[in-house]
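Enquirer: Below is a structure I'd like to ask you about.
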Amino acid sequence: MNLAVDPASGVPPFEQVRDGLRAQVDAGTLQAGFRLPPVRALADELDLAPGTVARAYKELEALGVVETRGRAGTFVAGAGVQRSVREAASSYVATARSLGLTDDEALEAVRRALES
């Protein structure tokens, strides 16, 4: 992972971290499933406050670029995860339709599953 923050830049440091990580994910340098350094470790490496890195991670998570798995850490979600989700959804739709469910019935089944 190659990341640098320019303190002389007019761009806030958290945006530089966020944009730098997102660019590496988009370019394929950071693959889906890659574990990002813990907030404190990256903050120390970049000479930033931990809150700065935490904000960048939080914004990346909101964008769907990374996912936080509790104490296990923060991982790149990337296209691989999204592709898997789309494939699973397509498979579910095909199964639901083959069983004769309407779209509303299929969605309700998903809602019930998510609530449990």
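The values are calculated or read from the model by the stated rules, or taken from the named source; none is laboratory data. Note that this is a predicted model, so its numbers are computed, not measured. So basically every Cβ, Gly included, is an ideal-geometry build from the backbone, and we count neighbours across all protein chains shown. We work out accessible area using only protein heavy atoms, side chains counted, and drop any ligands, DNA or RNA first. Shrake-Rupley method; radii C 1.70, N 1.55, O 1.52, S 1.80 Å.
Enquirer: Provide a single number: the residues in region 25-44 that are at pLDDT below 95 and part of a loop (DSSP other than H, G, I, E, B).
Expert: Residues that pass the stated criteria total 7.
Enquirer: So for region 92-108 (the condition being surrounded by 11 or more Cβ atoms within 10 Å (Cβ to Cβ) and touching a Lys or Arg at 6+ places or on another chain (Cβ under 6 Å)), does at least one residue qualify? Step through it out loud before you land on a result.
Expert: Our first condition is that a residue be surrounded by 11 or more Cβ atoms within 10 Å (Cβ to Cβ); within region 92-108, this holds for 92-93, 95-97, 101, 105-108.
So of that shortlist, the ones also touching a Lys or Arg at 6+ places or on another chain (Cβ under 6 Å) come out as none.
Looking through region 92-108, none of the residues is surrounded by 11 or more Cβ atoms within 10 Å (Cβ to Cβ) and touching a Lys or Arg at 6+ places or on another chain (Cβ under 6 Å).
Enquirer: Of A27, A41, A23, A56, which residue is under 14 Å from M1 (Cβ atoms) and touching a Pro at 6+ places or on another chain (Cβ under 9 Å)? Walk me through how you get there before you give the answer.
Expert: On the way: A27 fails: touching a Pro at 6+ places or on another chain (Cβ under 9 Å); A41 fails: touching a Pro at 6+ places or on another chain (Cβ under 9 Å); A23 fails: touching a Pro at 6+ places or on another chain (Cβ under 9 Å).
It is A56.
Enquirer: What are the residues in region 7-24 that are open to solvent by 80 Å² or more (accessible area, probe 1.4 Å) and in a loop (DSSP other than H, G, I, E, B), if any? I'd like the intermediate steps shown before the answer.
Expert: Going residue by residue through region 7-24, those that are open to solvent by 80 Å² or more (accessible area, probe 1.4 Å) are 7-8, 10, 22.
Within region 7-24, P7, A8, G10 meet the criteria.
Enquirer: Name the residue, out of L3, L60, L48, that is of a type in the set (A, V, I, L, M) and closer than 26 Å to V85 by Cβ.
Expert: Details: L3 fails: closer than 26 Å to V85 by Cβ; L48 fails: closer than 26 Å to V85 by Cβ.
L60 is the lone residue from the list that is of a type in the set (A, V, I, L, M) and closer than 26 Å to V85 by Cβ.
Enquirer: Also, I was wondering about something else. Take region 53-75 and flag every residue that is surrounded by fewer than 16 Cβ atoms within 10 Å (Cβ to Cβ) and among the aliphatic types (A, V, I, L, M).
Expert: Once the filter is applied, which keeps residues that are surrounded by fewer than 16 Cβ atoms within 10 Å (Cβ to Cβ) and among the aliphatic types (A, V, I, L, M), region 53-75 yields A62, L63, A72.
Enquirer: Within the group A27, A4, A32, which residue is in contact (Cβ under 8 Å) with a residue 12 or more places away in the chain, more than 18 Å from E61 (Cβ to Cβ), among the small types (G, A, S) and open to solvent by 30 Å² or more (accessible area, probe 1.4 Å)? Talk me through it step by step, then tell me what you get.
Expert: On the way: A27 fails: in contact (Cβ under 8 Å) with a residue 12 or more places away in the chain; A32 fails: more than 18 Å from E61 (Cβ to Cβ).
Criteria check complete, one pass: A4.
Enquirer: Can I ask one more? What single numbered condition from (1) part of a helix (DSSP H, G or I); (2) aliphatic (A, V, I, L, M); (3) closer than 30 Å to P13 by Cα fails to hold for A113?
Expert: The number of the failed condition is (3).
Enquirer: Mind checking which pairs have a first residue in region 39-58 that is within 12 Å of T74 (Cα to Cα) and a second that is part of a helix (DSSP H, G or I) and hydroxyl-bearing (S, T, Y), Cβ under 8 Å, 6 or more apart or different chains?
Expert: If the second residue must be part of a helix (DSSP H, G or I) and hydroxyl-bearing (S, T, Y), the pairs left are V39/Y57.
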